[in-house]
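Here is the structure we will look at, set down as structure tokens.
Each value in this text was obtained by applying a stated rule to the coordinates, not by laboratory testing. Not measured: the values here are computed from a predicted model. Cβ sites come from the backbone with ideal geometry, for glycine too, and all protein chains shown count toward neighbours.
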Amino acid sequence: MRLLLIGPPGAGKGTQAALLARRYQIPAISTGDIFRANVAAQTDLGVQAQSFMNAGEYVPDSLTNALVRDRLGQPDVLNGFLLDGYPRTIDQTRELDQMLASSGANLDAVVQLTADTDELVRRLAGRSAEQGRSDDTEEVIKHRLEVFEAQTAPLIDVYASRGIVLKIDGLGAVELVTERIVEALAARGLVLDA
Ligand code: AP5
């Protein structure tokens, strides 16, 4: 099972990625989490990524692609993986295509999570109050949503033209959203022992 989760900030990608990874026994790979871990540890990568993340901008493709190439070269992805938040640009999509082609693999599905803007802002404002993530301020949330629309939303059409997008309503209880995803995958014949 090779999956992507795509959707605007606050759509629930990270939340669902963790649950699906456990259910299907495949690693969830979140570029956002990897960057945040590097920022926390102040590695070279973290230092380079930090200012982009704090501003709600995407980290340059060259850094992001190198990180994912390295991660997908590790042995635990051989039986599948779930990418959360990558690719986000056309360049990253091309790069991922090349990485998969070189190992003779294909994506099985792209799970598109949707939620209306008011709900996205409400969720991220809630997280801001709880966790104080540096990019969850009102101004940066607004910019992240704009960056998603400008740079990432067009990728949905690219994958839709390949017939692999599953559009999932991300509103409602977390478990309900998970069940919607699992059912949509099963309807495509993508069933794994859970
Ligand atoms: P990243 O960490 O991926 O942030 P994001 O895409 O903005 O997404 P979020 O984590 O805010 O939201 P989510 O959709 O994962 O929702 P979540 O489950 O967390 O990336 C951060 C930054 O890293 C980027 O801005 C960029 O700078 C950089 N970066 C990352 N990947 C990159 C790439 N490929 N290229 C370049 N730069 C990259 O949920 C959000 C909140 O909602 C939580 O509080 C959660 O508890 C709650 N929630 C979830 N589901 C529900 C539900 N069903 N009902 C109610 N609340 C819910």
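Please go through the stretch 143-178 and pick out each residue that is among the charged types (D, E, K, R), surrounded by 14 or more Cβ atoms within 10 Å (Cβ to Cβ) and in a helix (DSSP H, G or I).
The answer is R144, and nothing else.
If you go through the stretch 143-182 and keep only what is among the small types (G, A, S) and either near the ligand (Cβ under 9 Å from one of its atoms) or in contact with a strand residue (DSSP E or B) (Cβ under 7 Å, 6 or more places away or on another chain) (or both), you end up with G170, G172, A173. Answer yes if at least one residue in the stretch 6-14 is away from the ligand (no atom under 11 Å from the Cβ), surrounded by 15 or more Cβ atoms within 10 Å (Cβ to Cβ) and either outside any helix (DSSP H, G or I) or not small (G, A, S) (or both), and no otherwise. Looking through the stretch 6-14, none of the residues is away from the ligand (no atom under 11 Å from the Cβ), surrounded by 15 or more Cβ atoms within 10 Å (Cβ to Cβ) and either outside any helix (DSSP H, G or I) or not small (G, A, S) (or both).
Among the numbered conditions (1) within 12 Å of the ligand (Cβ to nearest atom); (2) in contact with a helix residue (DSSP H, G or I) (Cβ under 7 Å, 6 or more places away or on another chain); (3) within 28 Å of R180 (Cα to Cα); (4) in contact (Cβ under 8 Å) with a residue 40 or more places away in the chain, the only one that A109 does not meet is (1).
Conditions tested, residue by residue: (1) near the ligand (Cβ under 9 Å from one of its atoms); (2) within 15 Å of the chain's Cα centre (by Cα).
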{"site": "I29", "(1), (2)": "no, yes"}
{"site": "L45", "(1), (2)": "no, no"}
{"site": "F52", "(1), (2)": "yes, no"}
{"site": "P60", "(1), (2)": "yes, no"}
{"site": "L63", "(1), (2)": "yes, no"}
{"site": "R71", "(1), (2)": "no, yes"}
{"site": "R88", "(1), (2)": "yes, yes"}
